[in-house]
Every structure is written in C-alpha cells, then in structure tokens.
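Report on the structure given below.
The values are calculated or read from the model by the stated rules, or taken from the named source; none is laboratory data. This is a predicted model, so every value here is computed, not measured. Cβ coordinates were reconstructed from backbone atoms using ideal geometry, including for glycine residues, and neighbour counts include every protein chain displayed. With ligands, DNA and RNA removed, areas are computed over all heavy atoms of the protein, side chains included. Shrake-Rupley method; radii C 1.70, N 1.55, O 1.52, S 1.80 Å.
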Amino acid sequence: AERARRAQRSQVLARRRRTTVVLFLAFTLGAIVAAVGGLGFLWAPAVPAVLLSTYIVHLRAQERRRVAFTMDRRRAEVAAQRLRENRPRRHQPAASAPAEPDDDSEAHHPEPEPTPTVSPQEAGRRALVEQTDHAEWVDQQRERGRVQG
C-alpha cells in the first residue's frame, strides 16, 4: 500500500514538472515571437504567463489541502494514541488489596495484553468518534447547568 502511494505521488509530481516545463517553454517562445514581431505580438508571452500563474496558484491550493489533511490525520492519530494511553487498564489489581511480597512476582503481575495494530485511517476515525462523543457530553453538561441554574 505504501509503495503504491509513493508511486502515485511520484507520478503526480512528474506530471506537475512536465506541465510547468511546457508552460515555461511556451512563455519563452512567446517572448521570442514578441521580440521579433514587435508590440503587436505582446499577447504571445502573456497567454502562457497567465496560464502558468494560474497553474501555480492551483498547485499551491492543492498542496495546502493535502498538507492540512495529512496534519489532521496525524493529529487524530496522536489524539487516539493519547486516549488509549490514558484509559484505565482493565487488568489492574484493586488499589485496596494489600501488596504481598513474593518471590514469584510474575505470577501476580501478568504481562499486559498486546494492543492490536490499527491502521492510521481507523485510528483517525476512532479519534474523531471519541472527540464527537466528548463534545456531546460537554454540551449535555452545559445544558444541565443552564436548567439547574
């Protein structure tokens, strides 16, 4: 999956380079035509220049969206990881139970279960659901405060 994503990204970048080079060549040829033909041919470099400027603006907006999406996904993964780490353990002994020193300490403290591997997309979805649940809970608390107060 990672190789396919990299191959697709390199193809996109290669297409962008080719398009940019073609627009620069068209601008150069237009500049040559305008230099030889005079002011009447001033539109010849202007058309590729406008196209190139528009294309660059389009690419910048596209990259900004891609980076924002990537950063949002990373933040969601970090939030999900933080929530997983802060969750109380199910297998912890009760705090009121007296600690008994014993030579066989591993018998009383089994190793924690390994956490299942989760894809970044699934982690992002889970984090989003947990954030939404928390936001709903906060809204409910505010409503209760208004009704009581």
Could you give me the residue pairs with C-beta distances under 7 Å whose first residue belongs to region 9-26 and is under 12 Å from PRO48 (Cβ atoms), whose second residue is open to solvent by 70 Å² or more (accessible area, probe 1.4 Å) and part of a helix (DSSP H, G or I) wherever it lies, and which are 6+ apart or on separate chains?
LEU23/LEU51
Pick from region 36-53 the residues that are open to solvent by 100 Å² or more (accessible area, probe 1.4 Å) and part of a helix (DSSP H, G or I): which of them is modelled with the lowest pLDDT?
LEU39
Identify, please: which residue in region 54-100 is within 21 Å of GLU130 (Cβ to Cβ) and part of a loop (DSSP other than H, G, I, E, B) and is, among those, modelled with the highest pLDDT?
ARG87
Go through region 111-149 residue by residue and tally those that are aliphatic (A, V, I, L, M), modelled with pLDDT under 70 and open to solvent by 70 Å² or more (accessible area, probe 1.4 Å).
1
Qualifying positions in region 1-27 - open to solvent by less than 70 Å² (accessible area, probe 1.4 Å) and of a type outside the set (D, E, K, R):
ALA4, ALA7, SER10, VAL12, LEU13, ALA14, THR19, THR20, LEU23, ALA26
